[in-house]
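Here the structure is laid out as structure tokens; the discussion comes afterwards.
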């Protein structure tokens with residue numbers, strides 16, 4: 001079974017900032033595509049963040065997050 005647990009978008013933003021070493025979620029859009037995709041994959045797989053939550057926090061389209 002999937003072991004995702006609910007955390008707020010604010011807490012999710014803190015995780016993204018720490019992992020990607022950025023000031024805010026939307027800054028992830030400014031990274032190179034390959035580096036951005038590595039971070040997105042890590043957020044989905046290792047940190048168990050949902051695609052929708054990552055998209056909300058970063059402003060990156062849901063389809064792009066899904067493909068990463």
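The values are calculated or read from the model by the stated rules, or taken from the named source; none is laboratory data. Bear in mind the structure is a predicted one, so any value in this text is a computation, not a measurement. Heads up, the Cβs are rebuilt from the backbone with ideal geometry, glycines too, and the neighbour counts pull from every protein chain shown.
When the criteria are applied in full, residue 56 fails the requirement of being surrounded by fewer than 13 Cβ atoms within 10 Å (Cβ to Cβ) and touching a helix residue (DSSP H, G or I) at 6+ places or on another chain (Cβ under 7 Å).
Selection of region 38-53 for residues being in a helix (DSSP H, G or I) and crowded, with 16+ Cβ neighbours inside 10 Å yields 39, 40, 43, 44, 51, 53. The number of residues in region 1-34 that are in a helix (DSSP H, G or I) and modelled with pLDDT under 95 comes to 18.
Taking the conditions exactly as written (modelled with pLDDT of 95 or more and part of a helix (DSSP H, G or I)), does residue 64 satisfy them or not? Spelling it out, residue 64 is indeed modelled with pLDDT of 95 or more and part of a helix (DSSP H, G or I). Among residues of region 11-39 that are over 15 Å from residue 54 (Cα atoms), those with a Cβ under 7 angstrom from a residue that is part of a helix (DSSP H, G or I), sequence gap 6+ or separate chain, pair up as 23/17.
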